[in-house]
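Read the structure below first, then the notes.
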Amino acid sequence: MTDRTDRISVVAIEGDGIGHEVFRAMRRVVDRVMSNRIDWIPALAGLECAEANGGNSLPDETLDLIRLHKVAIKGPTTTPSGGGFKSVNVRLRQELELHSCVRPAIHIPGLPKSHPCDIVVVREGVEGYYDCVEVREGDVVHATAHFSKAGFKRTVRQAVRIVFSRRKKLTLVLKTNILKMWGALYTEAFNEVIAEEGTGLEINYLHIDALSMMLEMHPERFDVLVTENLFGDILSDMTAGLVGGLGVAPGACIGDAYAMFEAVHGSAPDIAGRGIANPTALILSAAMMLEYDGFLHEAKHLREALLQTIAEGDRTGDMGGTLNTEQFTDAILRRL
Ligand code: NAI
Ligand code: MG
């Protein structure tokens with residue numbers, strides 16, 4: 001990839017809850033670092049969208065805009081629990097075939113609870129229990145999930161591409177002693193990709209439970225973890241916790257044709273509307289987006305200014321500081 005100097009257009013989905021607050025903060029710093037070279041194309045999705053559009057939480061226009069512009073960045077969207085509409089995130093990943101969720105957990109210097117680790121979770125994005133048929137018969141529920149070899153191979157290929165640019169240790173995380181058939185199928189998919197493209201990598205196989213314990217004790221031993229959808233969802237919240245919490249954990253959902261960037265965290269209804277949310281995760285997601293688009297210099301500049309702000313003690317409450325979202329954003333802008 002080379003450094004670009006032209007303009008790009010990006011589909012902008014603010015989401016709901018703290019989405020508006022962190023999105024506004026992200027746009028201010030990205031517009032500064034990009035000298036206003038991004039055309040933001042507003043699009044709707046989520047709970048507020050459903051309320052305004054007769055229950056439709058993901059309009060076709062939003063999907064069409066992403067198909068047209070190829071890249072989107074999204075604030076969190078609320079998903080009703082135990083009923084209601086299907087998660088907008090899950091639908092976006094499935095409709096656009098965003099088969100790999102890439103979630104780095106990188107040490108944030110200065111944060112007392114941030115371990116010195118540098119891990120990337122690569123999570124399968126469209127299959128498993130997120131593509132599940134649930135049938136209730138009286139007091140019993142049958143949940144039938146869907147796993148495919150071709151599907152998981154796409155995610156493993158993405159993980160292999162990432163691991164080659166890093167420390168070259170790749171760990172497959174499943175639960176093959178209990179979930180035997182799909183465990184074997186996904187392991188086959190993994191081994192086939194490694195045989196084709198993984199020469200020179202250090203390969204490990206771990207069960208999700210054993211890995212959870214080892215991660216807590218020795219996070220520095222891990223590099224790239226590749227896993228299925230539900231395990232990856234849980235694991236990436238856990239790795240977020242290792243480096244300072246959900247407020248600092250970015251993510252990308254990558255497909256062959258499109259990419260969507262979003263923080264790992266949700267809409268945080270407990271703090272929404274109070275102007276105190278930490279925009280770090282979405283800003284780091286935007287840095288991943290700039291890198292994906294070839295704006296390497298701008299991505300580096302943005303990340304450095306953000307990390308310097310935190311290291312020098314200008315922080316939001318979840319990071320142990322006293323600044324609100326706007327004050328924290330001003331502090332980053334001063335360093336850009
Ligand atoms: P959550 O991530 O919204 O919140 C968990 C805890 O972390 C809360 O105490 C919250 O205040 C805190 N937190 C999260 N992000 C923060 C930030 N940027 N700054 C400061 N504190 C932050 O998870 P929860 O409560 O389970 O989910 C709330 C809603 O979000 C649900 O409807 C869920 O389905 C949805 N969700 C959406 C996601 C997305 O759009 N990508 C991802 C995860 C959840
Ligand atoms: Mg999650």
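Here are the numbers:
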quantity: Unique residue being out of contact with any Lys or Arg (no Cβ under 7 Å at 6 or more places or on another chain) and either of a type in the set (Ser, Thr, Tyr) or free of Cβ contacts under 8 Å to residues at least 60 places away in the same chain (or both) when the list is Gly317, Gly321; calculated: Gly317
quantity: Residues (open to solvent by less than 20 Å² (accessible area, probe 1.4 Å) and either within 16 Å of ligand 2 (Cβ to nearest atom) or over 21 Å from Ala272 (Cβ atoms) (or both)) located in the range 299-332; calculated: Ala299, Leu302, Ala305, Leu306, Thr309, Ile310, Ala331, Ile332
quantity: Answer from Gly247, Gly275 - the residue that is within 15 Å of ligand 2 (Cβ to nearest atom), touching a residue at least 40 places away in the same chain (Cβ under 8 Å) and not hydrophobic (A, V, I, L, M, F, W, C); calculated: Gly247
quantity: Meets criteria (in contact with a Leu (Cβ under 7 Å, 6 or more places away or on another chain), assigned to a loop (DSSP other than H, G, I, E, B) and farther than 30 Å from Ala150 by Cβ) for Asp270; calculated: no
quantity: Residue ranges of helices (runs of 4 or more DSSP H) in the range 1-120 with at least 1 members more than 16 Å from ligand 1 (Cβ to nearest atom); calculated: 19-33, 47-52, 60-69
quantity: Breaking point among (1) under 21 Å from Phe23 (Cα atoms); (2) touching a helix residue (DSSP H, G or I) at 6+ places or on another chain (Cβ under 9 Å), for Glu51; calculated: (2)
quantity: Number of the condition not met by Glu326 [criteria: (1) in contact with a Gly (Cβ under 8 Å, 6 or more places away or on another chain); (2) in a helix (DSSP H, G or I); (3) within 11 Å of ligand 1 (Cβ to nearest atom)]; calculated: (3)
quantity: Selection within the range 86-106 - touching a residue at least 40 places away in the same chain (Cβ under 8 Å) and of a type in the set (Asp, Glu); calculated: Glu97
quantity: Where Arg123 falls short, out of the listed (1) touching an Asp or Glu at 6+ places or on another chain (Cβ under 8 Å); (2) open to solvent by less than 50 Å² (accessible area, probe 1.4 Å); (3) not in a strand (DSSP E or B); calculated: (3)
quantity: Count - residues of the range 234-250 that are open to solvent by 50 Å² or more (accessible area, probe 1.4 Å) and either near ligand 1 (Cβ under 10 Å from one of its atoms) or of a type in the set (S, T, N, Q) (or both); calculated: 2
quantity: Whichever residue in the range 173-191 is without any contact (Cβ under 8 Å) to a residue 40 or more places away in the chain and among the charged types (D, E, K, R) and, among such residues, is farthest from Asn204 (Cα to Cα); calculated: Lys180
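Let's see how each residue does on (1) surrounded by 20 or more Cβ atoms within 10 Å (Cβ to Cβ); (2) touching a strand residue (DSSP E or B) at 6+ places or on another chain (Cβ under 6 Å); (3) among the β-branched types (Val, Ile, Thr); (4) not assigned by TED's automatic domain parsing to the domain that holds Thr325:
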position: Val11; (1), (2), (3), (4): yes, yes, yes, no
position: Met26; (1), (2), (3), (4): yes, no, no, no
position: Val30; (1), (2), (3), (4): yes, no, yes, no
position: Trp40; (1), (2), (3), (4): no, yes, no, no
position: Gly46; (1), (2), (3), (4): yes, no, no, no
position: Ala50; (1), (2), (3), (4): yes, no, no, no
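Residue-wise test of (1) at pLDDT below 95; (2) open to solvent by less than 50 Å² (accessible area, probe 1.4 Å).
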| position | (1), (2) |
| --- | --- |
| Leu65 | no, yes |
| Lys86 | yes, no |
| Asn89 | yes, yes |
| Arg93 | no, yes |
| Arg103 | no, yes |
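The values are calculated or read from the model by the stated rules, or taken from the named source; none is laboratory data. Because the structure is predicted, anything quoted here is derived from the model rather than measured. When we count neighbours, we look across all protein chains shown, and the Cβ atoms used for this are built from the backbone with ideal geometry, even at glycine. Note: areas computed on protein heavy atoms with side chains; ligands, DNA, RNA excluded. Shrake-Rupley method; radii C 1.70, N 1.55, O 1.52, S 1.80 Å.
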